[in-house]
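Some notes on the structure that comes next.
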Amino acid sequence: MVMLSADTTAPYFRPALSKEYLRGELHEHELPVESGDFYREHEIELRLREPVTELIPGRHRARTRSGTTIDYGHCVLATGARPSPPSVPGLEHKTTRTLRSLQSSSELRSDAERSETVAVVGSGFIGCEAAVSLARRGKSVTLTAPEDLPQQQRLGAFAGAHILAWLHAEGVHTELSAPLADVTADGRLRLADGRTIDAELTLLATGIQPRVELAAEAGLAVNSGRIRTDTRMRTTAPDVYAAGDVALADNAMAGRPLPVEHWGEALAMGEIAGTNIAGADTEWRNPPGFWTALGERTLKYSAWGDGFDETRVFSQDDGSFTVWYGSDGVIVGVLTHNADTEYERGTDRVRRAVPLSEVG
């Protein structure tokens, strides 16, 4: 087996890049998914700095940047995604950064050591996690986003209000309800409503763009900016599979293709692809889910991701809570904080499309 990667480092745990690693609580040598012995023992030839530049499905052949040609029996495309900055002037300023890889997290961590004020653009989970991590490093952090509350569109007002309160409790300042207009020549952020944010360092956490160029040039079906696969992660090319952020896979239980952008689901998709290549017959059928941690506060979320038209909230005196999301009267998602049993029950209820009226 040959694993080809554009990265300079063997596969590592990316969730830590916006949390423990950015805070300096983990070192680089603690991040690898497997030791070097693992690759040797499993006869995996890992080639770093060697991305595939051409895929020829009709010949079962791949060509790398160095010009090396590799013939394959099966191929898995797990090319991931790159950061997607907003289309506003000034983003090329020397103080702006993104966060996607170990290298970018290391650069951000190093730059933060020399900066007292940091701006984070984007209230998604990477933005919120990084803002808390940088605040815990003693930086004056301001988070800005066009939403009135963090994650309001995805998780609703109740969850958004809690995330906002947690950010404030961690010392993160917020400037919400207006998109970024531009970055000025001196590095200040200017919002669409005229507000400005002074920062020595700016992190752009504004979403991703899947790396589909290789697949598209090879003639594979690409829809909505992702590689289309069936429930078994098979693409439209013979013996070529796709997994993770780059895939738009059919979910057998949902009955439709679902995009995902989270570590856990990428692992699940990769396992399904590998299992099927090995001769089994496995489908992707569970609701996508993820965890996020803002300091010691953890949220767990499982949902089909198509939106909701109703929520039901149950909270306890100890601060734990569960949010049920409904669409057309059935449960389509669940969010929990310090309620692991409800999360497990909730995922099963999402899978079975239990009526929302049954929660309580």
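The values are calculated or read from the model by the stated rules, or taken from the named source; none is laboratory data. Predicted, not measured: the structure shown is a model, and the values here were computed from it. In this analysis, Cβ positions are derived from the backbone assuming ideal geometry, glycine residues included, and neighbour counts consider all displayed protein chains. Side chains included, ligands, DNA and RNA excluded: accessible areas come from the protein's heavy atoms. Shrake-Rupley method; radii C 1.70, N 1.55, O 1.52, S 1.80 Å.
Here the scattering of the range 42-114 is modelled by Debye summation over its C-alpha atoms, one equal scatterer each and no solvent; at q = 0.15, 0.19, 0.23 Å⁻¹ the log10 of I(q)/I(0) is -0.76, -0.92, -1.09.
Rounded to the nearest 20 debye, the dipole size of the chain about its Cα centre is 620 debye, using +1 on the Cβ of Lys and Arg and -1 on the Cβ of Asp and Glu.
Find how many whole Å separate the alpha carbon centroid of the range 82-130 from the alpha carbon centroid of the range 302-360. Result: 33 Å between the Cα centres. Accessible surface of the range 271-322, 1.4 Å probe: 42 percent of it comes from carbon and sulfur atoms. Would you mind classifying the range 232-286 by shape? Square roots of the alpha carbon gyration tensor eigenvalues, ordered a ≥ b ≥ c; an a/c under 1.5 is rounded, otherwise it is prolate if a/b is larger than b/c and oblate if not. It is rounded, given that a/c, with a ≥ b ≥ c, falls under 1.5. Think of the chain as having a plus end and a minus end, set by charges on the Cβ of Lys, Arg, Asp and Glu; of PRO57, ALA169, ASN286, PRO57 sits farthest toward the positive end of this dipole. Rounded if a/c is under 1.5, else prolate if a/b beats b/c, else oblate: with a ≥ b ≥ c from the C-alpha gyration tensor eigenvalues square-rooted, which is the range 72-115? Taking the square roots of the gyration eigenvalues as a ≥ b ≥ c, the range 72-115 is oblate. Taking a straight Cα-Cα cut-off under 25 Å and skipping sequence neighbours fewer than 8 places away in the same chain, the lysines within cross-link reach of LYS139 are LYS19, LYS94. Is the shape of the range 1-96 best called rounded, prolate or oblate, per the rule: a/c under 1.5 gives rounded, else a/b larger than b/c gives prolate, else oblate, with a ≥ b ≥ c the square roots of the Cα gyration tensor eigenvalues? Oblate, since a/c reaches 1.5 and b/c is not below a/b. The apolar share of the surface of the range 1-56, taken as the fraction of accessible area on carbon and sulfur atoms (1.4 Å probe, ligands and nucleic acids excluded), comes to 50 percent.
Determine one quarter of the surface area of the Cα convex hull of the range 250-314, which equals its mean projected area, and express it in nm² to one decimal.
6.1 nm²
Based on alpha-carbon atoms, the Kirkwood radius and the radius of gyration of the range 278-329 give Rg/Rh equal to 1.11. Qualifying GluC sites (Glu not before Pro) in the range 257-360, where qualification requires a DSSP coil assignment and no more than 16 other C-beta atoms within 10 Å, comprise GLU283, GLU296. For the chain, the Kirkwood hydrodynamic radius comes to 21.9 Å, computed from all pairs of different C-alpha atoms.
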